[in-house]
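Everything on this sheet refers to the single structure shown next.
The values are calculated or read from the model by the stated rules, or taken from the named source; none is laboratory data. Predicted model, so just to flag it, every value in this text is computed and none were measured. Neighbour counts are summed over all protein chains in view; Cβ atoms, including those assigned to glycine, are modelled from backbone coordinates with ideal geometry. These area figures cover heavy atoms from the full protein model, side chains too; ligands, DNA and RNA do not enter into them. Shrake-Rupley method; radii C 1.70, N 1.55, O 1.52, S 1.80 Å.
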Amino acid sequence: MIEYLLVFITLFILIQAYFAIADKYNIIDKPNHRSAHSQITLRGGGIIFPIAFIIFSIFNYKEAMEMYWSFGLGLLAICLVSFIDDVKTLSGKIRITVHFLSVALLLNFTGTFDAVPIWAWPIFFIMIIGTLNAYNFMDGINGITGAYTLITLLTLLYINRDIILFTEENFIIYAILASLVFLFYNFRKKAKCFAGDVGSMGIGFWLIGLITLLIMKTQDYKYILLFSVYGIEVVLTIIERIMLRENIFEAHRRHLYQLLANEKKMSQLAISAIYALTQLLVNLFLIYSKLPVYAVLLIIFVPLGSVYLFLKLKLKKKVQSSLIK
């Protein structure tokens, strides 16, 4: 317990040091026509996640050298390129190359290369890179990344403690501590900082690593649904943009959470809380349901997808009617 308290305090001190650096070197997020915020805010507060892993490695040096080196290299590589991209836009080729190498290191860490046939490797690469980018796409309003991450991490901690041991407990707890520190500055009406690409990619990478470890341990792919709320929204939004013949790689404001915040003028913190609590309900059903995987998929995807489409259509009609007026 003392270790966790020391780590918690250290993370607070280090993020304050980062704020001073970000302020000095103008590492900020300026609002534009696509933004859900209206004031200049420090960017890159999510750097606390790779910092938390470094501290984890210091406190667990032997395990880090033997077990976590591959994960650590992948995490630090993807966070470094993401942080540079936060400060100065990088070439897409550089980003995708680093993402590919980081995912390869992640799959090595989780034992996926040994556990699945070679023909399945490209599927894992595509799914993980897609999930990383989905996590980045969804980081658009105050509190949403931190709250959603915290719920997922707490679920994984519960599974690890009470259902099946799939990793070292501290490997989850250090990420939880970083999430709490980040939430303290981000879950506010006027956030002190945003996660930035370094944060969304960093914690996304950490969560994917944990969930992949769980899947490899149990050989139960239902745990992919720990990302179901984000997954459904991102997939349906991409389909919508393809149907509208839009460039899916360009920034936009078509996500449901963006429409709720920008058009409905709903509280960003309320939206973030709803997304996190919805995922929590999904997680509880996922853990305690004895139904076959295909039934679990249908019971989760059909209602969530239907609610998403209903709300999107309703908000679109409201926007169109207001424009006519």
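Brief remarks on what is shown
- Positions within segment 203-237 being small (Gly, Ala, Ser), open to solvent by less than 20 Å² (accessible area, probe 1.4 Å) and over 16 Å from residue 72 (Cα atoms), in sequence order: 228
- Selection count, segment 275-291, where residues are without any contact (Cβ under 8 Å) to a residue 60 or more places away in the chain, surrounded by fewer than 20 Cβ atoms within 10 Å (Cβ to Cβ) and touching a helix residue (DSSP H, G or I) at 6+ places or on another chain (Cβ under 9 Å): 5
- A count restricted to segment 10-27 and to residues that are more than 22 Å from the chain's Cα centre (by Cα) and within 13 Å of residue 179 (Cα to Cα) stands at 0.
- Flag for residue 191 being assigned to a loop (DSSP other than H, G, I, E, B), open to solvent by less than 30 Å² (accessible area, probe 1.4 Å) and either out of contact with any helix residue (DSSP H, G or I) (no Cβ under 6 Å at 6 or more places or on another chain) or among the hydroxyl-bearing types (Ser, Thr, Tyr) (or both): yes
- Segment 1-28 residues that are assigned to a loop (DSSP other than H, G, I, E, B), paired with ones that are of a type in the set (Val, Ile, Thr) (beta carbon under 9 Å, 6 or more apart): 25/87; 27/21; 27/87
- Only one of the numbered conditions (1) modelled with pLDDT under 90; (2) under 19 Å from the mean Cα position of the chain (by Cα) is not met by residue 66, and that is (2).
- Restricting attention to segment 236-273 and to residues that are in contact (Cβ under 8 Å) with a residue 12 or more places away in the chain and β-branched (Val, Ile, Thr), the residue that is farthest from residue 293 (Cα to Cα) turns out to be 271.
- Being part of a helix (DSSP H, G or I) and without any contact (Cβ under 8 Å) to a residue 40 or more places away in the chain holds for only one residue in 203, 172, and it is 172.
- Subset of segment 256-274 that is among the hydrophobic types (A, V, I, L, M, F, W, C) and within 17 Å of the chain's Cα centre (by Cα) - its residue that is most open to solvent (accessible area, probe 1.4 Å): 274
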